[in-house]
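Enquirer: Here's a structure for you.
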Amino acid sequence: MTDTQLTRRLANAIRALAMDAVEQANSGHPGMPMGMADVATVLFTKVLKYDASAPHWPDRDRFILSAGHGSMLLYALLHLTGSKEMTIDELKRFRQVGSRTPGHPERGHTESVETTTGPLGAGISNAVGLALAERILAARYPSLTDHRTFAICSDGDLMEGISQESIAIAGHLKLNRLVFLWDDNGISIDGELSLSDSVDQLARFKACGWNAVRVDGHDPEAIEAALKATENADKPTLIACKTVIGFGAPTKAGSEKAHGSPLGKDEIAGARKALGWDYAPFEVPDDVRSAWAEAGRRGKAARRAWEDRFEALEPAVRDEYERRLHGDLPEGFAEAMAAYKAKLYAEPKEVATRKAGESALAVVSQALPELVSGSADLTPSNNTFTKNMKAITPGDYSGDFVHWGIREHGMAGAVNGLAIHGGVLPVGSTFLVFSDYCRPSLRLAALMKLRVVQVFTHDSIGVGEDGPTHQPVEHVASLRAIPNLNVFRPADAVETAEAWEIAVASKERPSVFALTRQNLPQLRLQDRGENLTAKGGYELAAAEGTPAVSLFATGSEVSLAIEAKTALDAAGLPTRVVSLPCFELFFDQPASYRAEVIGTAPVKIAIEAAIRQGWDAIVGSDGGFVGMHGFGESGPYKEVYKTFGITAEAVVELAQEKHAAVA
């Protein structure tokens, strides 16, 4: 048997398992696994540095299936190469509740799945982050970091807008360890790709600074030659693999009918005959299984050599490397933050929380050398480039700040990839109103339980003159709706520092910051001995006597609440103020604590320069609300606040009205 014949036989095992699993589930996408089986086989048997017995080895090559609908390609590869978890029974339970073989690959749910893919374009943006993380760590640990990132992508991945952002930044940064394998099958769900697309993808990638070649995706020798040519590339590479979707299916191959539904028993029988695969469903002959198992061991020698190099390092270097990979905070971090907060208490200042965020970030980044910050072309406004940072540039990855350009979605996807890789603590930033562009990747970060931080400044109508297009009124509520995402809207410099402490320590929950452009007074003037922001909400100012009014606020509106409290106290209505910098952490607290903080005052009013959604859980549906009920207005921010009645005077008036109604 020739090498080409063996490769085809190994690929046919993938095709058969994909057909059988989709048929048994009566759901799934057999076409892509069947079409890309030859490409994947060459990659895993000839090129990929991978050891199935050590799927989390730090210097392994990364494989991303961005075309996540073709998940059976990945599951078949994991099973055949020897994943202990991916048994034949798991393949038989494809797309069933509780299986390790969900419809789209899920990081953390299935061993060896690097990232959660499904939303098209997400995987390739993650791959850019993975490739950048490799370059960053190679600059710091050259003897431990030398791997590549391979991503299989579909026509859909390349049509999604995030793909342009991703390939542009990858080309600009010259991420030469990155390879995309495009399943160039000319078919989308609607039919021929020509119905909706006529882009010359090779020209597009070349224009973005990539190498780009086309090969026959069913010619193992051509595929191997193209892959081997990328080993010493000076740029990232696109390999367009011309394939037939549903390869081998007698009547459905090459058409949309092979894309997203089972082939059917008769079509599968015909495919088995055409492929020369005379075996029962889910049966893999011994010779094929043995060859695949050998492929799964290909990286063992490289792994052992890496382990030897690792053990030869100084103990302190090994410990620091492992600390970074595990995401642990270093010794001295708590002390550095305590010293910073002590300075805040000693020298309170009136500053915007974006500026307070910069000051806190300077301390955090000094203590955490793995932190890599960045901004989507709003660096002077986001304040995420501190004086101790250095920009990463094409070919020089020794810095710790990324100029992402005006690519919010691509930035968010790549930031996820940096976190997925490990050894890097990524921070992105833009305006809060542009978090809409980041939302799909933020949702995936929360789903994957990634430690990422996104700093969103210009958080409210306080943006003022920029007008309603730049005044985020619904965005905080929208972000709070994402499960497992901490949304911080700190009231002053102390809460901002506390939020940073929480964000970098949260290994399984991403964080976003909503920070002001306008200056705010420091409200916390004494150290209370604990991180109060970690509770999500706390009583900032107590009432003088039995509370008649409770005011609840976040961010810039907490100072309005304090101002209103002074007036209400003077008017004979004892008032307390509660700061709620993070709803998610507050709702994590025991019911007894939440009840204590919410209190029993007959009048409860929420104050936030945003929409009401979400506040009823705090003040009740009958509670008062001072905030936004529509979009904003252009003008000086103080005038805009007055225009929409978000003032201390308005709070006082509403509190008096409600008190009179319940008296």
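Enquirer: Out of the helices (runs of 4 or more DSSP H) lying entirely within the range 243-353, which hold 1 or more residues that are hydroxyl-bearing (Ser, Thr, Tyr) and over 34 Å from the mean Cα position of the chain (by Cα)?
Expert: On the way: elements: 265-275, 286-296, 300-312, 315-326, 333-346.
The helices (runs of 4 or more DSSP H) meeting that bar are 286-296, 333-346.
Enquirer: Take residue 483 and tell me if it is in the same structural domain as residue 645 (by TED's automatic domain parsing) and not β-branched (Val, Ile, Thr). Outline the logic, then answer.
Expert: Numbers: in the same structural domain as residue 645 (by TED's automatic domain parsing): no; not β-branched (Val, Ile, Thr): yes.
Judged against the criteria, residue 483 is not a match.
Enquirer: Could you list, in sequence order, the residues of the range 354-400 that are in contact with a Gly (Cβ under 6 Å, 6 or more places away or on another chain), outside any loop (DSSP other than H, G, I, E, B) and either surrounded by fewer than 22 Cβ atoms within 10 Å (Cβ to Cβ) or among the β-branched types (Val, Ile, Thr) (or both)?
Expert: Residue satisfying the conditions is 391 alone.
Enquirer: Give 114, 165 a once-over and let me know the one that is surrounded by 21 or more Cβ atoms within 10 Å (Cβ to Cβ) and touching a Gly at 6+ places or on another chain (Cβ under 8 Å). If you could, list the steps in order and put the result at the bottom.
Expert: Details: 114 fails: touching a Gly at 6+ places or on another chain (Cβ under 8 Å).
Only one candidate qualifies: 165.
Enquirer: Taking the options 610, 567, 601, 606, name whichever one is in a helix (DSSP H, G or I) and at pLDDT 95 or above.
Expert: Values: 610 fails: in a helix (DSSP H, G or I); 601 fails: in a helix (DSSP H, G or I); 606 fails: in a helix (DSSP H, G or I).
When all the criteria are applied, what remains is 567.
Enquirer: So residue 48 clears everything in (1) in contact with a strand residue (DSSP E or B) (Cβ under 9 Å, 6 or more places away or on another chain); (2) closer than 26 Å to residue 186 by Cβ except one condition, right? Which one?
Expert: With (1) in contact with a strand residue (DSSP E or B) (Cβ under 9 Å, 6 or more places away or on another chain); (2) closer than 26 Å to residue 186 by Cβ applied to residue 48, the lone miss is (2).
Enquirer: Kindly indicate whether residue 451 is on the phi < 0 side of the Ramachandran plot, assigned to a loop (DSSP other than H, G, I, E, B), out of contact with any Ser or Thr (no Cβ under 9 Å at 6 or more places or on another chain) and not assigned by TED's automatic domain parsing to the domain that holds residue 639.
Expert: no
Enquirer: Of the residues 11, 37, only one is touching a Lys or Arg at 6+ places or on another chain (Cβ under 6 Å), crowded, with 24+ Cβ neighbours inside 10 Å and at pLDDT 95 or above; which?
Expert: Just a single option satisfies the conditions, and that option is 37.
Enquirer: Does the range 642-661 contain at least one residue that is in a strand (DSSP E or B), touching a Leu at 6+ places or on another chain (Cβ under 9 Å) and not assigned by TED's automatic domain parsing to the domain that holds residue 461?
Expert: Looking only at the range 642-661, we keep the residues that are in a strand (DSSP E or B), and these are none.
Checked against the condition, which is being in a strand (DSSP E or B), touching a Leu at 6+ places or on another chain (Cβ under 9 Å) and not assigned by TED's automatic domain parsing to the domain that holds residue 461, the range 642-661 yields no hits at all.
Enquirer: Which fully enclosed strands (runs of 3 or more DSSP E) of the range 467-543 have 2 or more residues being more than 29 Å from residue 569 (Cβ to Cβ)? So that I can check it myself, show each step before the final result.
Expert: On the way: elements: 486-488, 511-515, 538-541.
Filter on the range 467-543 gives 486-488, 511-515.
Enquirer: Would you call residue 111 of a type in the set (D, E, K, R), within 23 Å of residue 421 (Cβ to Cβ) and modelled with pLDDT of 95 or more?
Expert: Working: of a type in the set (D, E, K, R): yes; within 23 Å of residue 421 (Cβ to Cβ): yes; modelled with pLDDT of 95 or more: no.
Against the criterion (of a type in the set (D, E, K, R), within 23 Å of residue 421 (Cβ to Cβ) and modelled with pLDDT of 95 or more), residue 111 does not qualify.
Enquirer: Here's something else I'd like to know. Here are some conditions: (1) more than 22 Å from the chain's Cα centre (by Cα); (2) surrounded by fewer than 18 Cβ atoms within 10 Å (Cβ to Cβ); (3) at pLDDT 95 or above. Residue 191 meets all but one. Which one does it not meet?
Expert: (3)
The values are calculated or read from the model by the stated rules, or taken from the named source; none is laboratory data. The model shown is predicted, which means the values in this text are computed figures rather than measured ones. Quick reminder, even Gly has a Cβ in these numbers, built from the backbone with ideal geometry, and neighbours come from all protein chains shown.
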